[in-house]
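For reference, the structure discussed in these notes is given below.
The values are calculated or read from the model by the stated rules, or taken from the named source; none is laboratory data. Quick caveat: nothing in here was measured; it's all calculated off a predicted structure. Every residue, glycine as well, gets a Cβ built from its backbone with ideal geometry; the counts of neighbours run over all protein chains shown. With ligands, DNA and RNA removed, areas are computed over all heavy atoms of the protein, side chains included. Shrake-Rupley method; radii C 1.70, N 1.55, O 1.52, S 1.80 Å.
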Amino acid sequence: MLLSELVRASAELAATRSRKAKIALLAAVLRAAEIAELPTVIAYLTGQTAQDRLGAGWRTLAGLGAGSAAGPVASVLEVDAALTAAAGVAAGTGSATRRQEVLRALFERLTKDEQQFMFRLVTGELRQGALEGVMVDAIAAAAEVPAGDVRRAFMLSGKLGVTGVAAMTGGQAALAEFRLTLGTPIKPMLASPAESLDEAVAEHAEAIVEYKMDGARIQVHRQGDEVRVWTRTLREITGSVAELVELVRALPCESVVLDGETLALTDAGRPRPFQDTMSRFGSTREEQVKALLLRPYFFDCLHLDGVDLLDAPLSERNAALRKVAGAHVIPGEIGTSRASSVLEAAMKAGHEGVMVKDLASPYAAGRRGRAWLKVKPVHTIDLVVLAAEWGHGRRTGTLSNLHLGARDPDGGPPIMVGKTFKGMTDELLAWQTEKFQEIETRRDDWTVYVRPEVVVEIELDSAQVSTRYPGGLALRFARVVRYRPDKDPADADTIDTVRGLLHGDRPEDP
């Protein structure tokens, strides 16, 4: 398959907002691809490269100075091989030059349209409306298998390309072979917001009510004495959290997979700021570890001593959790009769609110549904930073006013819904001024536009109808709570969620 075929498909994807049309288009491309090409085709059409790190960004590609081919000649596999070669250039003196030479040789074999496609792909700017959820449905359509089977296999494999190959070569039987594997993290189950505690309880009379903590999501796997820890985005942090490894290694079991939160506490037992917890994930400095010991609070058990529990009801998983995690289970109560007391206690302890979870529900990784509902007294949403304006007065010389975008559920670029300059400390202003210029794509006299990759948590009163922004609404009394380095743009709230805040309506499920 030639790269030009993906370039053409990408343009067609970007030109339609119909999810059904996107799925049909992607399915046709998948059917036309050779099996060896599928992982790369799937990656490119979801806006990703097959390589985790290329060591090349906007400045490298902009400085190539490469000519272009008169017509399409480069195949998908040839392009992928060149990127693999660029990623494999050993670090050291002259590595940047050697990597640039590999990329220049590649770009000189591409047409101008193909160069533009690859430039946007490598720099993370390829927004064509084919996020993972759309691709999952496309794989199902191309292989003529149920989308639920593809989704579950993806949950367990963690690799959409691997899942696609299995579906296209072995159908339902091959997808059914995927299992929870100790040492391989799975996508976490997500929650949807509820407008009130009464609403959440009304949806799930048979439920467990737990604290919702302002911590960082962790997934922990143990097999024998080996313990590994991952973040919400499946980044491994085992080497930075020795106290968590030691604690899980001492639990009364041989093998276990636990889902939970971790956070640093003050001497009084109250949660420290979220940034303090996140600072530990990249550090192994002994003095910082001693100053910021992390405490885990587990709320789910997905495997225990050889038994997988993903499909078991939460009631069964919770029993296993209490058996193995003991004092490290997150505070809460089974049943909803005292839900208001649990919420009051959580808020008094300095936490965000509560979770109300259906006791009959299985673990549906990677999806938001109504089985888990989060109740927070204050509205907060996660949005993507699109740009920032230079400040005035005391803020002169810093990037201040943020342009905020909500996620398009159909996979298009983030949709701008407002701006805010409120809630920022001097430290935060300095950080974002440096960070945003590192991921800058262009600028004018007042504004620096950035790659849409930074997620920020915004507190707001509500939303209102407005023609000022592309989303057709605007945020009321928005302020920055914190940045979320533990989240990707795919984790941001959708435009439907923001619309759900109009007139106090309940947000729709993403």
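Per the listing Leu404, Leu343, Leu386, the residue uniquely outside any strand (DSSP E or B) and either in contact with a Gly (Cβ under 7 Å, 6 or more places away or on another chain) or among the polar types (S, T, N, Q) (or both) is Leu343. Scanning the stretch 113-127 for residues that are outside any helix (DSSP H, G or I) and crowded, with 18+ Cβ neighbours inside 10 Å yields Thr123, Gly124, Leu126, Arg127.
Looking across the stretch 202-226 at every residue that is modelled with pLDDT of 90 or more and surrounded by fewer than 20 Cβ atoms within 10 Å (Cβ to Cβ), the one that is nearest to Lys348 (Cα to Cα) is identified as Arg217. Only a single item in (1) more than 23 Å from the chain's Cα centre (by Cα); (2) open to solvent by less than 30 Å² (accessible area, probe 1.4 Å) is not met by Asp461, and it is number (2). Among the residues of the stretch 418-453, those identified as in contact (Cβ under 8 Å) with a residue 12 or more places away in the chain, over 22 Å from Gln48 (Cα atoms) and of a type in the set (Val, Ile, Thr) are Thr420, Thr433, Thr447, Val448. Look at the stretch 114-142: where a residue is over 16 Å from Asp408 (Cα atoms) and among the polar types (S, T, N, Q) and a partner is open to solvent by less than 40 Å² (accessible area, probe 1.4 Å) and at pLDDT below 85, sitting 6+ places away or on another chain with Cβ atoms under 8 Å, you get Gln115/Ala66; Thr123/Gly57; Thr123/Leu61. Restricting the stretch 30-48 to residues that are of a type in the set (A, V, I, L, M) and touching a residue at least 60 places away in the same chain (Cβ under 8 Å) leaves a set whose member that is most open to solvent (accessible area, probe 1.4 Å) is Ile35. Among the residues of the stretch 77-131, just one is among the aromatic types (Phe, Trp, Tyr), within 14 Å of Tyr44 (Cα to Cα) and in contact with a Ser or Thr (Cβ under 8 Å, 6 or more places away or on another chain), namely Phe117. Of (1) assigned to a loop (DSSP other than H, G, I, E, B); (2) modelled with pLDDT under 90; (3) open to solvent by 30 Å² or more (accessible area, probe 1.4 Å), Val73 satisfies all except one. Which? Val73 satisfies every listed condition except (2).
Kindly establish whether Gly239 is surrounded by fewer than 21 Cβ atoms within 10 Å (Cβ to Cβ), within 23 Å of the chain's Cα centre (by Cα) and part of a helix (DSSP H, G or I). Break it down into steps so the answer makes sense when it comes.
Details: surrounded by fewer than 21 Cβ atoms within 10 Å (Cβ to Cβ): yes; within 23 Å of the chain's Cα centre (by Cα): yes; part of a helix (DSSP H, G or I): yes.
Here the answer is yes, as Gly239 does meet what is asked.
State all residues of the stretch 436-458 that are open to solvent by 30 Å² or more (accessible area, probe 1.4 Å) and in contact with a Leu (Cβ under 9 Å, 6 or more places away or on another chain); if no residue qualifies, say none. Please lay out each step first, then the result.
The first filter runs over the stretch 436-458 and keeps only residues open to solvent by 30 Å² or more (accessible area, probe 1.4 Å), leaving 437-438, 440-446, 449, 451, 453.
Passing the criteria: Gln437, Tyr449.
Residues in the stretch 81-96 that are open to solvent by 30 Å² or more (accessible area, probe 1.4 Å) and not hydroxyl-bearing (Ser, Thr, Tyr): Ala81, Ala85, Ala87, Gly88, Ala90, Ala91, Gly92, Gly94, Ala96.
With buried (at least 18 other Cβ atoms within 10 Å of the Cβ) and touching a Ser or Thr at 6+ places or on another chain (Cβ under 9 Å) as the only criterion, which of Asp426, Asp408 stands out?
On the way: Asp426 fails: buried (at least 18 other Cβ atoms within 10 Å of the Cβ).
Unique residue meeting the criteria: Asp408.
Screening Leu30 with (1) more than 29 Å from Glu236 (Cα to Cα); (2) in contact with a helix residue (DSSP H, G or I) (Cβ under 6 Å, 6 or more places away or on another chain); (3) modelled with pLDDT under 95 gives one miss only, at (3).
For the stretch 375-390, indicate whether the set of residues that are loosely packed, with under 14 Cβ neighbours inside 10 Å, at pLDDT below 90 and not small (Gly, Ala, Ser) is non-empty. Working first, answer last.
Going residue by residue through the stretch 375-390, those that are loosely packed, with under 14 Cβ neighbours inside 10 Å are 377-378.
Going one step further and asking which of them are at pLDDT below 90, we end up with 377-378.
Remaining after also requiring not small (Gly, Ala, Ser): 377-378.
Yes, the conditions are met somewhere in the stretch 375-390.
One residue stands out among those in the stretch 319-337 that are over 15 Å from Glu206 (Cα atoms) and of a type outside the set (A, V, I, L, M, F, W, C): the one that is modelled with the lowest pLDDT, which is Gly326.
Does Ser18 count as crowded, with 19+ Cβ neighbours inside 10 Å and of a type in the set (Ser, Thr, Tyr)?
When the stated conditions are applied, Ser18 does not pass them.
Here Leu110 fulfils each of the conditions (1) under 15 Å from Ile23 (Cβ atoms); (2) at pLDDT 90 or above; (3) of a type in the set (A, V, I, L, M); (4) open to solvent by less than 20 Å² (accessible area, probe 1.4 Å) apart from (1).
Would you confirm whether any residue within the stretch 155-173 is part of a strand (DSSP E or B) and surrounded by 18 or more Cβ atoms within 10 Å (Cβ to Cβ)?
Initially, the stretch 155-173 is screened for residues part of a strand (DSSP E or B), giving none.
Scanning the stretch 155-173 turns up no residue that is part of a strand (DSSP E or B) and surrounded by 18 or more Cβ atoms within 10 Å (Cβ to Cβ).
I need the full set of residues from the stretch 242-281 which are without any contact (Cβ under 8 Å) to a residue 60 or more places away in the chain, among the charged types (D, E, K, R) and open to solvent by 10 Å² or more (accessible area, probe 1.4 Å), in order please. Once the filter is applied, which keeps residues that are without any contact (Cβ under 8 Å) to a residue 60 or more places away in the chain, among the charged types (D, E, K, R) and open to solvent by 10 Å² or more (accessible area, probe 1.4 Å), the stretch 242-281 yields Glu243, Glu246, Arg249, Glu254, Asp267, Arg272, Asp276.
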